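Q: Below you will find the structure I want to go over with you.
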Amino acid sequence: MALNSDFLGRTWPAVGTYVVGREKIREFAASFGETNPLCLDVEAARAAGYPDLVAPPTFPVVITGVAMDRVLFDPELGLNYAMVVHGEQRFAYTRPVTAGDVLAVEMRLTNIRAMAGNDILTVEAEVTDESGAHVVTATGVIVSRGTATEG
């Protein structure tokens, strides 16, 4: 089933905020063997000029994943999640995420295209801090296998 092209350009405003915790950063870092002291040792992070622990560069997946679900599981989009694979992920930072940040995520569906029988969706997550300043844009590419109607 083809995806609802009316969703192209649609945005989903932020719902609530996410408070970045030290232990969440440490747990995330440990999950893939990160040993950078900026992610693990508050004093090392502060000595390097950061206000607190620095999250690893891929940490925004923790924050943006729940927001992404609002897009992918919207029944009007017509996505069969059983056919989905994650195609790509990119991060464009204004500044690092640090412990103590209070972050919000706005989602935007920026592209829907058909390729080789698959629907390819590009979703951008704009992550801002409590002052409204940009922190990071996380761009995800989602592949819905074998669902495209190519004309």
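Q: Any residue in the range 9-20 that's more than 10 Å from Glu126 (Cα to Cα): show its pairings with residues that are aromatic (Phe, Trp, Tyr) and surrounded by fewer than 17 Cβ atoms within 10 Å (Cβ to Cβ) at Cβ separation under 9 Å, as long as the two are six or more apart or on different chains.
A: Pairs found: none.
Q: Can you list the helices (runs of 4 or more DSSP H) found entirely within the range 1-47 that contain at least 1 residues being touching a Leu at 6+ places or on another chain (Cβ under 9 Å) and of a type in the set (Val, Ile, Thr)?
A: Output list reads 22-31, 42-47.
Q: I'm checking my understanding of the structure. Among residues of the range 136-151 that are among the small types (Gly, Ala, Ser) and in contact with a Gly (Cβ under 7 Å, 6 or more places away or on another chain), which one is surrounded by the most Cβ atoms within 10 Å (Cβ to Cβ)?
A: Going through the qualifying residues, I end up with Ala148.
Q: Shifting gears a bit: Being within 28 Å of Val19 (Cβ to Cβ) and surrounded by 19 or more Cβ atoms within 10 Å (Cβ to Cβ) narrows it down to one residue among Ala104, Ala133, Ala92; which is it?
A: After applying the criteria, what remains is Ala104.
Q: Does at least one position in the range 51-71 carry a residue that is part of a helix (DSSP H, G or I), in contact (Cβ under 8 Å) with a residue 60 or more places away in the chain and more than 30 Å from Ile112 (Cα to Cα)?
A: no
Q: Anything in the range 107-130 that is surrounded by fewer than 21 Cβ atoms within 10 Å (Cβ to Cβ) and more than 21 Å from Ala2 (Cβ to Cβ)? List them, or say none.
A: Within the range 107-130, Glu124, Glu126, Thr128, Asp129, Glu130 qualify.
Q: From the list Val66, Val71, Val85, Val61, which one is of a type in the set (A, V, I, L, M), exposed (fewer than 11 other Cβ atoms within 10 Å of the Cβ) and either under 20 Å from the mean Cα position of the chain (by Cα) or modelled with pLDDT of 95 or more (or both)?
A: None of the other options fit; the residue is Val85.
Q: Moving to a separate point now. From the set of residues in the range 15-52 that are over 20 Å from the mean Cα position of the chain (by Cα) and acidic (Asp, Glu), which is surrounded by the fewest Cβ atoms within 10 Å (Cβ to Cβ)?
A: By that ranking, first place goes to Glu43.
Q: Can you tell me which residues in the range 48-82 are aliphatic (A, V, I, L, M) and out of contact with any Leu (no Cβ under 8 Å at 6 or more places or on another chain)?
A: Ala55, Val61, Val62, Val66, Ala67, Met68, Ala82
Q: Filter the strands (runs of 3 or more DSSP E) completely within the range 92-151 down to those with at least 1 residues that are among the small types (Gly, Ala, Ser) and over 24 Å from Asn80 (Cα atoms).
A: Here the list reads 102-115.
The values are calculated or read from the model by the stated rules, or taken from the named source; none is laboratory data. All of these numbers come straight from a predicted model, not from anything done at the bench. As a convention, Cβ positions derive from the backbone with ideal geometry for all residues, glycine included, and neighbour counts pool all protein chains shown.
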